Amino acid sequence: MHPIYRVVSFAVVAPFTVRVSFDDGTEQRIDFQPVLQGPLFGPLQDPHVFDAVALDPEAGTLVWPNGADFDPATLHDWPRVSGELAARATGWASYGNRRAG
């Protein structure tokens with residue numbers, strides 16, 4: 001069964017880094033820079049776009065103006081999943097390059 005978590009608050013604490021608080025009382029400090037690749041997440045490399053992050057109260061997760069978001073469970077388990085996401089981001093970057101070419 002997929003655990004359900006909700007983001008209840010957040011703060012941008014450094015470039016591309018957000019402290020996220022969850023409804024179970026836990027927090028994560030997430031450096032998103034390694035996954036900011038490809039057509040969806042690549043635009044977040046612009047600090048002004050990244051800093052426009054907001055909390056979607058319906059979905060209980062972080063969202064950006066371009067539609068980028070992450071499953072709250074992914075954010076909650078970031079230390080466990082971040083390596084895999086960073087590896088996938090390499091593919092996202094090459095996908096964006098193929099589409100542009």
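The values are calculated or read from the model by the stated rules, or taken from the named source; none is laboratory data. Nothing here was measured: the structure is a model prediction, and the numbers come from that model. FYI the Cβ positions are ideal-geometry reconstructions off the backbone, even for glycines, and counts take in every protein chain you see.
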task = Residues that are touching a residue at least 12 places away in the same chain (Cβ under 8 Å) and surrounded by fewer than 16 Cβ atoms within 10 Å (Cβ to Cβ): find the strands (runs of 3 or more DSSP E) completely inside region 1-95 holding 3 or more of those.
result = 7-14
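Within the group ALA52, ALA59, ALA86, which residue is within 15 Å of PHE10 (Cα to Cα), hydrophobic (A, V, I, L, M, F, W, C) and at pLDDT below 95?
After applying the criteria, what remains is ALA59.
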query = Looking at (1) touching a helix residue (DSSP H, G or I) at 6+ places or on another chain (Cβ under 7 Å); (2) at pLDDT below 95, which is the one condition that is false for TRP64?
reply = (2)
